[in-house]
Each structure stands twice: as structure tokens, then as C-alpha cells.
Amino acid sequence: MMNKPSNILIAGGKTGGHLFPGIATAEAIKKLSPDSDILFVGTDAAFEVRTLEKYGFSHKSIYSKPIKSGNIFSKLFAMSIIFISLIQSLILIKTFKPDFVLGVGGFSSFAVVVAAWMLGIPCAIQEQNAFPGLTNRRLAGFVKTIFTSFEKTKGWINHPKVKYVGNPVREVSVAGSEDNLENEGLQTDKTTLLVTGGSQGAQSINMAFTDALALMDDTERFHILHQTGITDESLIQKKYADLKIKATVKSFFHNMPQLQKKADLAITRAGAGIISELCVHGLPAILIPFPHAADDHQTFNARALEAEGAAVMIKDGELNGETLKQALENLINDKNRLEQMSKKLKHLARPDAAKIIAGHILNSKDIKG
């Protein structure tokens, strides 16, 4: 336990890929220094607000939008947004008086970290992906430390500011979650398949997986846990009913760490957060990168695991019921391959990432006291 409680501000979020590493780091900070005060600053997105509320962390939102190139009017509008969010960030920082600011990516983190730099407050950024996001690439010059999740992060190999620590992973499910293992009805005599398109869901995965099941025999050997995203929940529930297949189908699982520990195979996008969780839990996966991710970073993530023989990748454009059925059967019918994939994933895991980042923050020489 650290001697001095600190005020820590964590900036960024909106999607689970940015938000959950921040939550994992916040949990690690509270373990090391229970009296420290933590404030998340991000967007007013419903997912972000509700998730932080469930985990019991304070949250403030600022006005921020993705900055896109374009004509002179677009650039002027972008500059006005940055100016507004910078003023809001300066006011928040003056009020909260953080000892340290950590940016976890997402456009809402930009102004907060820049404001901290302007006020001389120590700050760092945490990059989840093998290809750094635009916001973090721009913030790299404003911080003293860059925490990376991949050893060979594109553009930052041998960078003097980089500390390769891995991606922070939540250790436990959200406190008081309504989801629990008993409710999911996991059965040890069946192969448990965990299907997820991330916090927002993925229609291509939802449709291809149910189409694959329609082509397969003996689907009773599976226990299926399917996170659909809010948009497709009722549609996919109906598809399972039409196929007469029992499955646990929800828009979002708040107990994902528990489910990953119990699953035998995941079918998922290739965001950095899920990849880190797969490694920690040794959960083999079929990865379908989101084709419209910024700089195609999910493909970089998936290829990094596939190159190690730790996962199988299917491009979203090649995904359909038949290709997914083939990939599923190839893995499910080869227990030895699944075991080897699990071992390789665990070898790649960096389970202490959150603790390392938390320790750096709380022990920062720039924090006075």
C-alpha cells in the first residue's frame, strides 16, 4: 500500500476498448492506495456513463468530437471543438487538482492530457493497439511515458518514452452485476462458445454465427453465450428460437471475465482489450477484425496473435456461415490444437499490466508529498 493518497484523473473512453483498461488501472490504484480519489473524464455516451456507474467510479463528460480532415470550414469547426474541450478540461483540472493524468485513448482524452501538460501536471498515455490511435499519436509529444500493450507497437519500436507493460485487464466482474455463472447455466460436459462483437456488438458476426449453426449437425454439444449488442438482441434471440437451439443471448454481459474463464472458444472482434483478456485467460479464439477500425488496427492485432499460432483470423469480408462453420469445426475437433493455442496465449499474457501502471502513477517522482 502506498503512503500518500493521490488524486488521479483518467481521460478517454466511449468504447470498451478504451474504457475497460482505464477501469482495470483504476481498480489496481485502489488496491495499492484505497484512499486515492479517481475521476474519469470522457464523453456522455450511455455505455460509458452506465459502465462507470456500475463500477462505482466518478465520471465527468466534456464536449468532444472526432477530429476529421476536410475543407477550411471543417478545420475551423474542429479547432473550435478543441478550444471548448480544452477550456472545460482546464476548469476540471483546476477543480479536481489531480496529481497525475492518464490518457487511455479516444478523442475525449486529447484536450484533458494537453490541459494537464499546460498546467505542469505529470501525465502518461496508455495505448491498447498494435497500431497506435490518432489521438495517442498526437499526444505522444506531450507526455513523459507511453504504456504499450504490444512489444512491437507500430511507429514506437525503441521509442525512449515507451514502456511495454501489456494491456490492463479487469480481474473481476462488475460489483453487483445481475449476470452470474449460475444464471448462464454453464455445463462442463459441453463445449462452451463465447460469441461477442465487443461492447457495441457486430452484426456480421451475429449473422454468420447463427448461419454457421444452421449448417451444423449436433449443435446440442454446444453451450452458447452470445453478446449481440443492443441493436441485434431481439433478432438473434429469434434466430436461435427458429433454429430450436438453446443459448444465452444478451445485448451485453457485465461478467465477461468470468465467462472467458469458463469458455472453450471465443468468436470475437480483435480489439486490444479482448485480445489481452484472451491471453490472460488462455482462451483460444477465431478473430474477425472490424474492417472500419481506424488505421485497420484490429487487423494488426489479430495478425500479431495469428503469427504466434495463438488464434485464427477470418477477414470480415470473407466471413459467412460456411467459412465460420469450417473454422469452428477445425478447432472444435482438434483438442490438441486448442490446448496449444491456450498455452501460447498464456505465454503472451501480461497479467500485471494494470498493477505496473498503477505503481508508476502512485510512485511518480513528479507527485509531491
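Give me the percent relative contact order of segment 260-369, please, defined on Cα pairs under 8 angstrom at least 6 residues apart. Please report the intermediate quantities before stating the final value.
Working: 131 pairs, mean separation 31.2, N = 110.
Worked out over segment 260-369, it gives 28 percent.
Can you tell me which of 33-41, 102-110 comes out highest on packing, and rank the rest after it, using the mean Cβ neighbours within 10 Å?
Details: 33-41: 19.4, 102-110: 28.3.
For the peptides 33-41, 102-110, the packing ranking is 102-110, 33-41.
Helix 233-243: angle to the longest alpha-carbon principal axis of the chain, degrees 0 to 90, nearest 10?
Long axis of 233-243 versus the principal axis of the chain: about 10 degrees.
Once the Cα atoms of helix 335-348 and of the chain are each reduced to a long axis, what angle between those two axes, in degrees from 0 to 90 to the nearest 10, is obtained?
10 degrees
Could you order the peptides 316-327, 8-19 from most to least packed, using the average number of other C-beta atoms within 10 Å per residue? Intermediate values should be presented prior to the final figure.
Details: 316-327: 16.0, 8-19: 26.7.
Ranked from most to least packed, the peptides come out as 8-19, 316-327.
Using the structure shown, select from 54/250; 190/335; 262/335; 14/65; 31/97 the pairs with a Cα to Cα distance greater than 19 angstrom. It would help to have the intermediate numbers written out before the result.
Values: 54/250 17 Å; 190/335 13 Å; 262/335 16 Å; 14/65 11 Å; 31/97 21 Å.
The pairs that break the limit, which is 19 Å between Cα atoms, are 31/97.
Going by Cα centres, segment 10-48 and segment 102-124 are how many Å apart?
Between the Cα centre of segment 10-48 and that of segment 102-124, the gap is 14 Å.
Pop out the ³J(HN,Hα) list for segment 306-319 in order, Karplus 6.51 cos²θ - 1.76 cosθ + 1.60 with θ = phi - 60°, rounded to Hz; leave Gly and Pro as x.
4, 4, 8, x, 9, 7, 10, 10, 10, 5, 4, x, 9, 7
What percent does the relative contact order of segment 181-348 come to when contacts are Cα pairs within less than 8 Å and at least six residues apart? Please report the intermediate quantities before stating the final value.
Values: 297 pairs, mean separation 41.3, N = 168.
Over segment 181-348, the number comes to 25 percent.
Highest mean first, how do 158-167, 252-261 rank when packing is the count of other Cβ atoms within 10 Å averaged over residues?
Numbers: 158-167: 15.8, 252-261: 20.1.
Going by the mean number of other Cβ atoms within 10 Å, highest first, we get 252-261, 158-167.
Shape verdict for segment 181-348, please, from the Cα gyration tensor: rounded (a/c under 1.5), prolate (a/b greater than b/c) or oblate.
rounded
Mind checking which of 112, 164, 253 is farthest towards the positive end of the chain's charge dipole, using Cβ charges of +1 (Lys, Arg) and -1 (Asp, Glu) about the Cα centre?
Projecting each Cα onto the dipole axis, the largest value belongs to 112.
At a threshold of 8 angstrom on Cα-Cα distance, excluding pairs fewer than six apart, so keeping six or more, what relative contact order does the chain reach in percent?
Working: 740 pairs, mean separation 62.6, N = 369.
This gives 17 percent for the chain.
If one takes the longest principal axis of the Cα atoms in the chain, at what angle in degrees, from 0 to 90 and to the nearest 10, does the Cα axis of helix 272-281 lie?
60 degrees
Laboratory data are not the source of any read-out in this text; all were calculated from the coordinates shown. Small disclaimer: the values here were computed from a predicted structure and weren't measured. Using ideal geometry, Cβ is built from the backbone for each residue, glycine included, and neighbour counts are taken over all protein chains shown.
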